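The values are calculated or read from the model by the stated rules, or taken from the named source; none is laboratory data. Please read these numbers as outputs of a predicted model, since none were measured by experiment. Here Cβ is always computed from backbone atoms with ideal geometry, including for glycine, and neighbour counts include all displayed protein chains.
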Amino acid sequence: MSQGKGESLWDLAYRNFKRNKTAIAGIFILIFFTIIAVLAPYIAPYDPFEQNFLHSLEGPSQKHLFGTDEFGRDILSRVIYGSRISLQIGFISVFISMFAGTILGVIAGYYGSWPDMLIMRVVDIMLCFPYILLALVIMAILGPGIYNAMIAIGIVYIPKFARIVRSAVLNIRDEEYILAAKSMGAKDIKIMLKHILVNCMAPIIIQGTLSIGRAIINAAGLSFLGLGAQPPTPEWGAILSSGQNFLRGAPWVAIFPGIAIALLVLGFNLIGDGLRDAFDPKMKRT
Amino acid sequence: MMSYIARRLLYLIPLLLAISLLVFLMIRLIPGDPAQIKLGEKGTEEDLKRMREELGLDKPLHIQYWRYLKRLLKGDLGRSIRTNNKVTNEIKTSFPATIELTVLSMIIASIIGIFLGVISAVKQYTWIDNLSMVGALVGISMPVFWIGMMLMLIFSWKLGWFPISGRINLEANLDIITQFYLIDSIITGNWVAFKSTLSHLILPAITLATIPVAMIARMTRSTTLDVLNKDYVRTARAKGLKERVVIWKHVFKNSLIPVVTIIGLQFGSFLGGAVLTETVFARAGVGRLLINGITGRDFAVMQGAVLVIATFFILLNLIVDILYAYLNPKIRYS
């Protein structure tokens, strides 16, 4: 995988990524939300659960920068705490799909034959459903709740990872270094972990980053439909769902959480696009 | 070509069977006894036993599935617990609403997406290109239901240009024939109903089109850039053709083939997005039917809606594949 002058694919990708201004903007967005999420208890002006009916549905003011909701709770504080939940959902659900998808993809690609056939047919069937529909079916089975939403979204994205990893494995399965490892008597599991997986990391990371954004949006969608996070959890989709009832008189309840979702997802999309360009400079030029 | 279509049609059978199995198992996986749920809290032990026999729940799983398949082939999807209507009838009325919405938003997304993509490619690295590509990225990053709410806030609540929710103004007195309100109003010549249906459709259709517009614009830009670098384009320019002719006659047509596929494949996200859009705009489509089924634990409705959406999605993918094979002989013979 050498790129000349001893530069590895990773060095080249790092150099390309550093030069990509929009991707760096994405990194800044992610850092911004991470800081907010970590420091939530210190920077949120109010308790996100504290109700104050005397101040319900108040517009943005110096006291409540993003206004208040129907229970008089401070929207800014709820949006700040919401970043913790959305980041968790994004990372955990994509970790589930990445983990399961990678295992399935490596097995299908490395062994071929019937394991490949079996895994890929199941993947095909899962891809017969639009993502949100499959997530809804799983939610119907698991029942509403934020952790179930993470599992549902995690399962929904498994086929994508399985396909990407399988095709990456097929590309390198017959490379000389794999054959050499086999002929030296290395065990399959060692070859898969040490040689195959390491060389499939680039597409997995790119897909992972782009999927986090989609996972956050889909989780917000499930909460919006009343199936994900349940009240009074300050999840952005759930806040939007209650904001819909007051859209005419108190639009701020719905405006700010929506901006937060869009901004965070934009951050992940910028980073994902940047990574794709960085690992595959040819694509950028077209 | 015919053998390719035959192969694809054959492949459809196990897929449809798998979907029916999944939909059948879905209900068995949901915690709780369907017979108990159907009876509610009131049923005695005796009632429960009778209900289980009536629903065939006392039989082994494979027999239950076989019965389910037989009923399915007869077009019997059961009855809704809440309304006691046949699920087939509920789908017959709601599915056309979803199709109307998705087709209109697909048209909007294709026109705007292709236009933006071609302009961005031709004016590569200018402010137009940068603006539309940043716009596309922002578009992909926004949740569809939030876009819907914001459009509703601005154009319905603030400006009053469009109705807030529903499919049609009841005062339009439309005679319903096909359940496709736009078609029905044209057939009956009821232009008041046509206008009302269209005005109810515009905001949801734009909402649903936002993400596909962004996807199509990005795809069109990249394929157009590809074609722009081809030798025949250089030749066309070299022989002195006007730039407009080069772009629209040589570049546009050739860059469109992969875009057509992308548009077709986007239909899945249209259907998925329809679930959320219909909820925001309170449109009685199949997406909303599904959500009502899930939240109301109305299993027959839930199964029916999932089955119809998934089957429709597969058939659509099949059509796209066949169309693509028709346009690109390499696929047919692989």
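Side notes on the structure shown:
- Test: residue in the stretch B:70-84 that is loosely packed, with under 12 Cβ neighbours inside 10 Å and within 14 Å of chain A (Cβ to nearest Cβ): no
- When B:R244 is tested against (1) closer than 27 Å to B:R221 by Cβ; (2) touching a helix residue (DSSP H, G or I) at 6+ places or on another chain (Cβ under 6 Å), just one condition goes unmet, and that condition is (2).
- Where B:I37 falls short, out of the listed (1) of a type outside the set (F, W, Y); (2) modelled with pLDDT of 80 or more; (3) surrounded by 11 or more Cβ atoms within 10 Å (Cβ to Cβ): (2)
- Given (1) crowded, with 18+ Cβ neighbours inside 10 Å; (2) modelled with pLDDT under 90; (3) in contact with an Asp or Glu (Cβ under 8 Å, 6 or more places away or on another chain), index of the condition B:I168 fails: (3)
Conditions tested, residue by residue: (1) within 21 Å of the chain's Cα centre (by Cα); (2) more than 8 Å from chain B (Cβ to nearest Cβ); (3) buried (at least 24 other Cβ atoms within 10 Å of the Cβ).
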residue	(1), (2), (3)
A:A229	yes, yes, yes
A:T233	yes, yes, no
A:L240	yes, no, yes
A:G243	no, no, yes
A:P251	no, no, no
A:A262	yes, no, no
A:F279	yes, yes, no
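- Qualifying residue in the stretch B:257-264 (condition: part of a helix (DSSP H, G or I), free of Cβ contacts under 8 Å to residues at least 60 places away in the same chain and surrounded by fewer than 14 Cβ atoms within 10 Å (Cβ to Cβ)): no
- Filter pass, B:L174 being of a type outside the set (S, T, N, Q), buried (at least 19 other Cβ atoms within 10 Å of the Cβ) and part of a helix (DSSP H, G or I): no
For every residue, the table says whether it meets (1) within 11 Å of chain A (Cβ to nearest Cβ); (2) of a type in the set (A, V, I, L, M); (3) in a helix (DSSP H, G or I).
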| residue | (1), (2), (3) |
| --- | --- |
| B:I206 | no, yes, yes |
| B:T220 | no, no, yes |
| B:L225 | yes, yes, yes |
| B:S255 | no, no, yes |
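- Residues that are in contact with a Phe, Trp or Tyr (Cβ under 7 Å, 6 or more places away or on another chain) and away from chain A (no Cβ under 11 Å) within the stretch B:150-164 comprise B:F155, B:W161, B:F162, listed in sequence order.
- Any hit, the stretch B:235-246, residues being surrounded by 18 or more Cβ atoms within 10 Å (Cβ to Cβ), part of a helix (DSSP H, G or I) and more than 10 Å from chain A (Cβ to nearest Cβ): yes
- Among the residues of the stretch A:12-62, those identified as β-branched (V, I, T) and either surrounded by 13 or more Cβ atoms within 10 Å (Cβ to Cβ) or at pLDDT below 95 (or both) are A:T22, A:I24, A:I27, A:I29, A:T34, A:I36, A:V38.
- In the stretch B:257-292, the qualifying residues are those that are among the small types (G, A, S) and more than 30 Å from B:V118 (Cα to Cα), and the one that is farthest from the other protein chains (Cβ to nearest Cβ) is B:A284.
- In the stretch A:30-50, the residues that are in contact (Cβ under 8 Å) with a residue 24 or more places away in the chain form Cβ pairs under 7 Å with partners that are exposed (fewer than 13 other Cβ atoms within 10 Å of the Cβ), at six or more places apart or across chains, as follows: A:I36/A:I43.
- Inspection of the stretch B:311-325 finds no residue satisfying the criterion of being touching a residue at least 60 places away in the same chain (Cβ under 8 Å), among the charged types (D, E, K, R) and outside any helix (DSSP H, G or I).
- Among the conditions (1) at pLDDT 90 or above; (2) touching a helix residue (DSSP H, G or I) at 6+ places or on another chain (Cβ under 7 Å); (3) of a type in the set (F, W, Y); (4) surrounded by fewer than 24 Cβ atoms within 10 Å (Cβ to Cβ), the only one that A:Y110 does not satisfy is (1).
- The lone criterion from (1) basic (K, R); (2) within 14 Å of another protein chain (Cβ to nearest Cβ); (3) surrounded by 20 or more Cβ atoms within 10 Å (Cβ to Cβ) left unmet by A:R121 is number (3).
- Matching residues, the stretch A:223-261, being in contact with a Leu (Cβ under 9 Å, 6 or more places away or on another chain) and small (G, A, S): A:S223, A:G228, A:A229, A:G237, A:S241, A:G249, A:A250, A:A254, A:G258
- Residues (in a helix (DSSP H, G or I) and either exposed (fewer than 11 other Cβ atoms within 10 Å of the Cβ) or at pLDDT 85 or above (or both)) located in the stretch A:180-189: A:A180, A:A181, A:S183, A:I189
- Selection status of B:I322, in contact with a Lys or Arg (Cβ under 8 Å, 6 or more places away or on another chain), over 19 Å from A:L136 (Cα atoms) and either crowded, with 24+ Cβ neighbours inside 10 Å or more than 9 Å from chain A (Cβ to nearest Cβ) (or both): yes
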